[in-house]
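The values are calculated or read from the model by the stated rules, or taken from the named source; none is laboratory data. Source: prediction; values computed, not measured. Here the Cβ is made from the backbone with ideal geometry for all residues, glycine too, and neighbour counts use every protein chain on show. These area figures cover heavy atoms from the full protein model, side chains too; ligands, DNA and RNA do not enter into them. Shrake-Rupley method; radii C 1.70, N 1.55, O 1.52, S 1.80 Å.
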Amino acid sequence: MSLVVRNLQRAVPLRRARLREKVQAVRRALGVQRFDLGVVCVDNRKIQQINRIYRDKNTPTDVLSFPFYENLKAGDIPQPEFPDDYNLGDIFLGVEYIFQHCKENEDYYDVLTVTATHGLCHLLGFTHSTEAEWQKMYQKEKQVLEELSKHTGTRLQPLSRDLF
């Protein structure tokens, strides 16, 4: 199914084709390539606005996920009854925020990949509100990123590695 990558910002440079390629690899590693997914890249002002509206946090952030399936158990793959329900939801990447927080030795697109992986895990029901939930999410992110690393030679670390 389709992957739509939209760039709605001009604060930082972004090659959508490169990001699309990385997100496609994450989808394959998670086994959800047959589901539609939207990835929307926004600047600090927009991600802060969305964060304020939906999470009551008036600050920019790296990623916000809006799942199509709201009550999915962590790690379950949705079982749609209708063709139109093959949708995971949307991920908003705060690409300006991510760019500003990249360390000098980090590749921006690697960090985008890690952040998109985190967002996709949220779409699949993973959370990190408790240490037990975090542990499940961390393990899933680690598994996916290790799979990607086999093909790319990079050493990607889960975004949730330092949460607990």
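How much of the DSSP bridge set in segment 37-164 is antiparallel, in percent, rounded to the nearest 5? Walk me through the numbers on the way to the answer.
Numbers: 5 of 11 bridges.
In segment 37-164, approximately 45 percent of DSSP beta bridges are antiparallel ones.
Could you tell me which GluC sites (Glu not before Pro) in segment 104-136 are loop residues by DSSP with no more than 10 other beta carbons within 10 angstrom of their beta carbon? It would help to have the intermediate numbers written out before the result.
Working: sites: Glu104, Glu106, Glu131, Glu133; in loops: Glu104, Glu106.
Sites meeting the loop and neighbour criteria: Glu104.
Of the solvent-accessible surface of segment 3-152, computed with a 1.4 Å probe and all protein chains present, 45% belongs to carbon and sulfur. Only Cα pairs under 8 Å and 6+ residues apart enter the sum, and on that basis the relative contact order of segment 3-152 stands at 27 percent.
For segment 1-41, taking Cα atoms only, Rg and Dmax work out to 10.8, 33 Å respectively. With both labels modelled 7 Å from their Cα along Cα-to-Cβ, the Asn71 to Lys142 distance reads 3.1 nm.
Note on segment 105-164: Cα-only Rg and Dmax are 11.2, 32 Å. The alpha carbon centroids of segment 21-41 and segment 73-126 are separated by 8 Å. Across segment 49-129 the C-alpha pair distances fall into 5 Å bins from zero in the proportions 3, 14, 21, 21, 18, 13, 7, 3, 1, 0 percent. Zone of Val4 (label point 7 Å along Cα→Cβ, backbone N under 17 Å): which residues in segment 88-125? Label zone hits: 88-93. Of the trypsin sites (Lys or Arg not before Pro) found in segment 96-164, those in coil by DSSP whose Cβ has at most 13 other Cβ atoms within 10 Å are Lys103, Arg155.
Its DSSP H runs of at least 4 residues, each contributing -39,500 (n - 2.57), put the calculated 222 nm mean residue ellipticity of the chain at -14000 deg cm²/dmol, to the nearest 500.
If you roll a 1.4 Å probe over the heavy atoms of the protein chains, what accessible area per residue do you get for the chain, in Å²?
Details: 9420 Å² over 164 residues.
That works out to 57 Å² per residue.
Against the criterion of solvent-accessible heavy-atom surface with a 1.4 angstrom probe, Ser65, Ser160, Ser2 sort, most first, into Ser2, Ser65, Ser160. Divide the volume of the convex hull around the Cα atoms of segment 3-152 by the residue count and you get 120 Å³ per residue. Between Glu131 and Gln79, full extension at 0.36 nm per residue minus the direct alpha carbon distance yields a gain of 15.9 nm.
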